[in-house]
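Data first, discussion second: the structure below is written as C-alpha cells.
The values are calculated or read from the model by the stated rules, or taken from the named source; none is laboratory data. The model shown is predicted, which means the values in this text are computed figures rather than measured ones. Cβ placement follows ideal geometry from the backbone for every residue including glycine, while neighbour counts extend to all protein chains displayed.
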Amino acid sequence: MARTVRFHEIGGPEVMRLEDLETGDPGPGEVRIRVDAIGVNRAEALFRTARYIEPVERLPARLGTEAAGVIEAVGPGVTGFEPGQAVSVLPAFSQNDYGVYAEQAIVPATALLPRPDGVDAVAGAAVWMPYLTAYGAMVEVGGMRAGDVAVLNAASSSVGLAAIHTAVRLGATPIAVTRTRAKRQRLIEEGAAEVIVSEEEDVAERVLELTGGRGAEYVFDAVAGPGVLELGRAVAAGGTLFLWGAQSGQPTPYPGFDLGMPALNMRTYTVHEITRDPQRLRRAAAFVASGLRSGSFRPVVDRLFPLEEIVQAHRHMESNTQVGKIVVTVSH
C-alpha cells in the first residue's frame with residue numbers, strides 16, 4: 001500500500017486527502033517509480049478547482065505531474081529504462097490518467113528523463129517543468145534570438161525565474177515585472193536586466209522607455225485577464241504576447257483591435273506542446289541538461305514540505321509569496 005493524495009470533491013486545498021492505495025504493476029509502456037520528491041505546480045491547483053484546461057473526468061481524482069524518484073518496475077515494451085534508475089517525471093500526461101502525489105506512482109515511460117549525475121531528487125523535481133516551459137515558448141515556438149527583449153510578469157515564479165535564466169543564456173534581455181518591491185532585488189540577482197514594479201509604475205510606458213520606444217519582441221504573461229490590454233501596449237510591432245498562465249482567474253480580452261495595433265500577435269502556450277512532442281522534448285531536454293552542466297540553469301527551490309503537509313504546500317502556493325519552486329518530499 002502506498003500513501004496517495006486524492007480529492008473526492010472540487011474545491012480548495014482542504015479537499016486533498018492522503019489515502020492508502022494499492023499501486024499495482026505497470027502496464028504496457030508504463031513504469032512504477034518510488035517517488036522521492038514532487039514538484040508542486042499551479043496546474044494541480046487549477047485541476048482540483050475545475051479551472052484547468054482539462055476537466056476532471058471522475059472523482060475521486062489523483063493529482064501531480066512532476067516528480068523525481070527511482071524506477072521500481074518496468075512494464076512490457078519499455079526500453080531504455082531499468083529498475084534502480086534515478087529519473088525525473090515530466091508533465092507529459094493528463095491528471096485524469098496518472099498522478100504523482102504519492103509514495104509510489106505508475107507513469108508512462110514517455111514522461112521520464114534520466115536524472116543527470118549530481119541532480120538530487122529535490123532538484124530533479126524542481127528543474128524540468130520551469131525550464132521546459134520557458135525553453136518551449138521562447139525557443140521552439142517563439143524563436144527568440146540574441147538582442148531580443150523579453151518582458152516577464154509573475155517573474156518570481158519558478159517559470160519566471162527559468163525564463164530569466166533562459167533569456168540570459170540566449171543573449172536576450174529579460175525585463176521582470178513584479179507587483180511589489182519585495183522581490184525586486186532577488187530578481188536582479190537572478191539576472192533580470194530591469195525590474196518594473198507594477199503597483200508603482202506604468203508597465204507599458206516603462207517598457208517603451210527602456211526599449212527606446214520600440215517595445216519588447218516578446219511578452220510572457222502568466223497572469224492573463226484584463227491586464228493583457230496594458231501588456232499589449234508594451235509589444236513591439238510584429239512581436240508576440242504569449243499567454244502561458246492564468247493566475248488572475250478573470251476573462252482575457254484580445255487587445256489588438258482596441259489598441260489599433262494590428263501587428264500584435266497573441267498566442268496561448270502550454271508546456272504540453274513540448275512534453276507531448278518527442279522531437280521537441282528531445283531538443284528541450286538537451287538544452288536544459290547543457291544549461292545545468294554549465295551552471296547557467298539551476299533549480300530555485302522556495303520551500304520544502306513533507307507529503308503529510310500537501311494541503312499547507314498548496315496554501316503556500318496560493319499565497320503567491322514564494323520565490324521559485326515549492327517541492328514536497330516523500331519519506332519511505
Margin query: Among the residues that make up the stretch 21-28, is at least one of them within 19 Å of E309 (Cβ to Cβ) and either under 19 Å from the mean Cα position of the chain (by Cα) or of a type in the set (S, T, Y) (or both)?
Written below: no
Notebook entry, point to check: In the stretch 305-332, how many residues are assigned to a loop (DSSP other than H, G, I, E, B), surrounded by 15 or more Cβ atoms within 10 Å (Cβ to Cβ) and modelled with pLDDT under 95?
Noted result: 2
Item checked: Listing of helices (runs of 4 or more DSSP H) fully contained in the stretch 162-243 that carry 3 or more residues being among the aromatic types (F, W, Y) and surrounded by 16 or more Cβ atoms within 10 Å (Cβ to Cβ) -> none
Next item on the list: Taking only the stretch 18-30 into account, find how many residues are β-branched (V, I, T) and either part of a strand (DSSP E or B) or surrounded by fewer than 16 Cβ atoms within 10 Å (Cβ to Cβ) (or both).
Entry: 0
Item checked: Qualifying position, being surrounded by fewer than 20 Cβ atoms within 10 Å (Cβ to Cβ) and in contact (Cβ under 8 Å) with a residue 60 or more places away in the chain, among I33, I53, I38 -> I53
Check: Would it be correct to say that V139 is more than 23 Å from A37 (Cβ to Cβ), buried (at least 24 other Cβ atoms within 10 Å of the Cβ), at pLDDT 90 or above and among the β-branched types (V, I, T)?
Finding: no
Check: Which members of the stretch 294-304 meet the condition of being more than 15 Å from the chain's Cα centre (by Cα) and assigned to a loop (DSSP other than H, G, I, E, B)?
Finding: G295, S296
Next item on the list: Could you tell me whether the stretch 149-162 includes any residue that is modelled with pLDDT of 95 or more and more than 19 Å from the chain's Cα centre (by Cα)?
Entry: yes
Notebook entry, point to check: Within the stretch 269-293, which residues are in a helix (DSSP H, G or I), crowded, with 21+ Cβ neighbours inside 10 Å and either at pLDDT below 90 or of a type in the set (V, I, T) (or both)?
Noted result: I274, T275, V288
